[in-house]
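Presented below is the structure to which this report refers.
The values are calculated or read from the model by the stated rules, or taken from the named source; none is laboratory data. The model shown is predicted, which means the values in this text are computed figures rather than measured ones. Cβ sites come from the backbone with ideal geometry, for glycine too, and all protein chains shown count toward neighbours. In case anyone asks, the SASA skips ligands and DNA or RNA and just uses the protein heavy atoms, side chains included. Shrake-Rupley method; radii C 1.70, N 1.55, O 1.52, S 1.80 Å.
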Amino acid sequence: MSINQTPYLLYSDGKGNIFEDTSLYVTGRSGWDACMVPNEDWIELPDGGSLYELPGRRCIGIDVKTGDLLLFDKGWAVAAFLPPAHTAFYLSAYETQPEAPVLPLFCYTAVGWLDEKFYVPAIRIEQDIRQECRGFDDKKVEDGISHLIKSYPKNRLVNHLANNCALNYHCPAARNYFMGRWECPVPVSSACNANCVGCISLQPDEEEIVSPQERLGFKPSVEEIIEFTVPHLETAPYPLISFGQGCEGEPLLMWRIIEQTILEIRKHTQKGSVNINTNGSKPKAVKKLCEAGLNSIRVSTNSARREIYMPYYRPNNYQFEDIVESLKIVNSFGGWTSLNYFVFPGMTDNVEEYEALRKLIRETGLKMIQWRTLTLTPTGTCEKLA
Ligand code: SF4
């Protein structure tokens, strides 16, 4: 339901308390611009969403009476964290002060206040309930963890999924696994052949940015993987196993282990699907995995354009064209192909990107796009009112 006016600006006192100021409307950031957000783009902050205060950042608002763009100096800017299945249209608009600390790698969505509610410029992009916060039962997750840890006491991967992913990062896929349903995550790689600016699992030591997750620190064996994935495929509703998770590097660097694993799994069961979430960098390896029985691929990218992709992914030894080739190969085997498409307001929503994306969809026979908001903190300051 569209709201009939722009929400009011929110600010924090720097001590975790958040206040509204009804003399100012909130703005949103798109690219370098601070913008008035159209009324139809606002939705209530979804269940599972949360708020951030942004130290050292002054929010930008619009004077309710004059319509002037104003820098607000009474407190720090505020932003919202959107739960999975939602995509942001605008980021939080603020001016960064010289002494501002570096923010961790999250997505800082604009947020405002109206009629006793928080509002965000966003859309629920995925209706699938797999990641719905209220669908998780902590007791069932804990019971599942103690049962499976007892069942596989020496399995390092089950241990990692329990203590690291489910209990520490609250990863939806790991929690679904321990609830015995849907997708089971299978991280396998501690290395990557890309150097994404906003990598959430590893940031260079010299970098001030902190990655919110740690990378897997061991090389799982085929035996370890099939020990818990075959029973999951056999018993879970809508069973799926997925290589390539947020807590690892690039799974295609471990394609031989994955190939042997798929072949071994299919000796035990034909149930369920085998998916890989990947940067798509090694089409030859993808072909081998399709021959072994891979059912689907989800390739991550921040753009359908080489000139935007290369400076962000900073690949070691592959090209943008390789990820396109990987999608084509899975499509040629009749597999399901999707993009994990990192959205950045002001960059994704422009004509050049739209045309490039249409071309990519046609060329690769792409089946689905998962629109994810890029976890990257815009530095600097909004330049002008658009
Ligand atoms: S492809 Fe993934 S793991 Fe590799 S650098 Fe990029 S975000 Fe990190």
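Looking for whichever is more than 16 Å from the ligand (Cβ to nearest atom), part of a helix (DSSP H, G or I) and either without any contact (Cβ under 8 Å) to a residue 24 or more places away in the chain or out of contact with any Lys or Arg (no Cβ under 6 Å at 6 or more places or on another chain) (or both) here; the options are Lys154, Lys150. Which one fits?
Result: Lys150 is the single residue among Lys154, Lys150 that is more than 16 Å from the ligand (Cβ to nearest atom), part of a helix (DSSP H, G or I) and either without any contact (Cβ under 8 Å) to a residue 24 or more places away in the chain or out of contact with any Lys or Arg (no Cβ under 6 Å at 6 or more places or on another chain) (or both).
Would you say Asn195 is open to solvent by 20 Å² or more (accessible area, probe 1.4 Å), outside any helix (DSSP H, G or I) and within 16 Å of the ligand (Cβ to nearest atom)?
It is true that Asn195 is open to solvent by 20 Å² or more (accessible area, probe 1.4 Å), outside any helix (DSSP H, G or I) and within 16 Å of the ligand (Cβ to nearest atom).
Return a yes/no flag: does segment 228-239 have any residue that is in contact (Cβ under 8 Å) with a residue 60 or more places away in the chain, within 12 Å of the ligand (Cβ to nearest atom) and either open to solvent by less than 40 Å² (accessible area, probe 1.4 Å) or not basic (Lys, Arg) (or both).
Taking every residue of segment 228-239 in turn, none turns out to be in contact (Cβ under 8 Å) with a residue 60 or more places away in the chain, within 12 Å of the ligand (Cβ to nearest atom) and either open to solvent by less than 40 Å² (accessible area, probe 1.4 Å) or not basic (Lys, Arg) (or both).
So which residues in segment 280-294 are open to solvent by 10 Å² or more (accessible area, probe 1.4 Å), in contact with a helix residue (DSSP H, G or I) (Cβ under 7 Å, 6 or more places away or on another chain) and either within 15 Å of the ligand (Cβ to nearest atom) or of a type in the set (D, E, K, R) (or both), if there are any at all?
Listed by number, the residues that qualify are Lys282, Lys287, Lys288.
Contact list please: Cβ distance under 6 Å, first residue in segment 287-305 and in contact (Cβ under 8 Å) with a residue 24 or more places away in the chain, second residue assigned to a loop (DSSP other than H, G, I, E, B) and open to solvent by 20 Å² or more (accessible area, probe 1.4 Å), pairs at least six apart or on different chains.
Close Cβ pairs satisfying both conditions: Cys290/Phe333.
How do the pairs read when you match residues in segment 194-208 that are polar (S, T, N, Q) with residues anywhere that are within 9 Å of the ligand (Cβ to nearest atom) and assigned to a loop (DSSP other than H, G, I, E, B), using Cβ under 6 Å and keeping only pairs 6 or more apart or on different chains?
If the second residue must be within 9 Å of the ligand (Cβ to nearest atom) and assigned to a loop (DSSP other than H, G, I, E, B), the pairs left are Asn195/Arg314; Ser201/Ser211; Ser201/Arg215; Gln203/Ser211.
State yes or no: is Cys165 open to solvent by less than 10 Å² (accessible area, probe 1.4 Å), more than 16 Å from the ligand (Cβ to nearest atom) and in the same structural domain as Asn317 (by TED's automatic domain parsing)?
It is false that Cys165 is open to solvent by less than 10 Å² (accessible area, probe 1.4 Å), more than 16 Å from the ligand (Cβ to nearest atom) and in the same structural domain as Asn317 (by TED's automatic domain parsing).
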